[in-house]
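Here the structure is laid out as structure tokens; the discussion comes afterwards.
The values are calculated or read from the model by the stated rules, or taken from the named source; none is laboratory data. No experiment lies behind these values; they were computed from the predicted model shown. As a convention, Cβ positions derive from the backbone with ideal geometry for all residues, glycine included, and neighbour counts pool all protein chains shown. Protein only, heavy atoms only, side chains kept; ligands, DNA and RNA dropped before computing areas. Shrake-Rupley method; radii C 1.70, N 1.55, O 1.52, S 1.80 Å.
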Amino acid sequence: MILREGELCASNIGMTDELSILDRRNEILSRIQSAAQSVGRDHNDIILTAVSKVQPDDRIDAMLATGQRVYGENRVQEAYSRWEQRREEFPDLELRLIGPLQTNKSEEAVALFDVIETLDRPKLAKTLSAAMQKLGKHPRLFVQVNTGEEPQKAGVLPHDLSTFLKLVKDDNGLTIEGLMCIPPVDEPAGPHFAFLRKLANENGLFKLSMGMSSDFETAIRFGATHVRVGSAMFGERDYT
Ligand SMILES: *Cc1c(COP(=O)(O)O)cnc(C)c1O
């Protein structure tokens, strides 16, 4: 593993447990600040989403204690079990769905999330719109774009984007706030971030959710307004 300047080196020197969640979050915040500064951006324009999927309760509670209030989850059911109760205690939470959404989970997603970042097909636009009307709750929406045109990956294909945006507006009455992407793992992320920004500009959108633990600084240099950082903030996810 090659470390860049300023990068946390906890995982490779085996001191993950000694680094507190507070230290990790402060480290990420200062890296966000430096990356923003390097391109003349105001760091206050960049929202840090803490990706809490799979993380154990003690880490979640430690993160909440730091004042972190924006969290990303990629499964609806898992998000309910982690956040339904905590939401009562922390009314200023912002929960963002960043994983693929099945149409039959639309109502649950609308009920729980403040932002859904993964709208990517007409059928989902229809079920989300119906759920919003039924529940009288309107989470903000991002459209996920499959910038690498990977067959296994969710997201609207770039050349279908403007048609899709028009459809969700005209047919479903939905307002879209921004775009989200997950670049292919085996390619440099920069060109994908630049491409997403270009697509947003062309379509009159100004919010960009891009960048994760390994590349959020690059994403910020390319205009990210929302970065989604999981393992670098919480520690590695334990799937066992
Ligand atoms: C898990 C996940 C992240 C966070 O990944 P890390 O590498 O742990 O920062 C970001 N975005 C999406 C869509 C994810 O599923």
task = Scan 146, 104 and give me the residue that is in contact with a Leu (Cβ under 9 Å, 6 or more places away or on another chain) and on the phi < 0 side of the Ramachandran plot.
result = 146
note = Across region 196-215, the tally of residues that are within 18 Å of residue 146 (Cα to Cα), within 16 Å of the ligand (Cβ to nearest atom) and not charged (D, E, K, R) stands at 6
key: Elements of type helices (runs of 4 or more DSSP H) contained in region 34-132, each with 2 or more residues being exposed (fewer than 15 other Cβ atoms within 10 Å of the Cβ) and out of contact with any helix residue (DSSP H, G or I) (no Cβ under 8 Å at 6 or more places or on another chain)   = 57-65, 76-89
task = For region 150-198, name all the residues that are in a loop (DSSP other than H, G, I, E, B), within 19 Å of residue 220 (Cβ to Cβ) and open to solvent by 20 Å² or more (accessible area, probe 1.4 Å).
result = 182, 187, 188
request  = Given the conditions (1) within 13 Å of the ligand (Cβ to nearest atom); (2) in a loop (DSSP other than H, G, I, E, B); (3) within 17 Å of residue 45 (Cα to Cα), report the number of the one that residue 223 does not fulfil.
outcome  = (1)
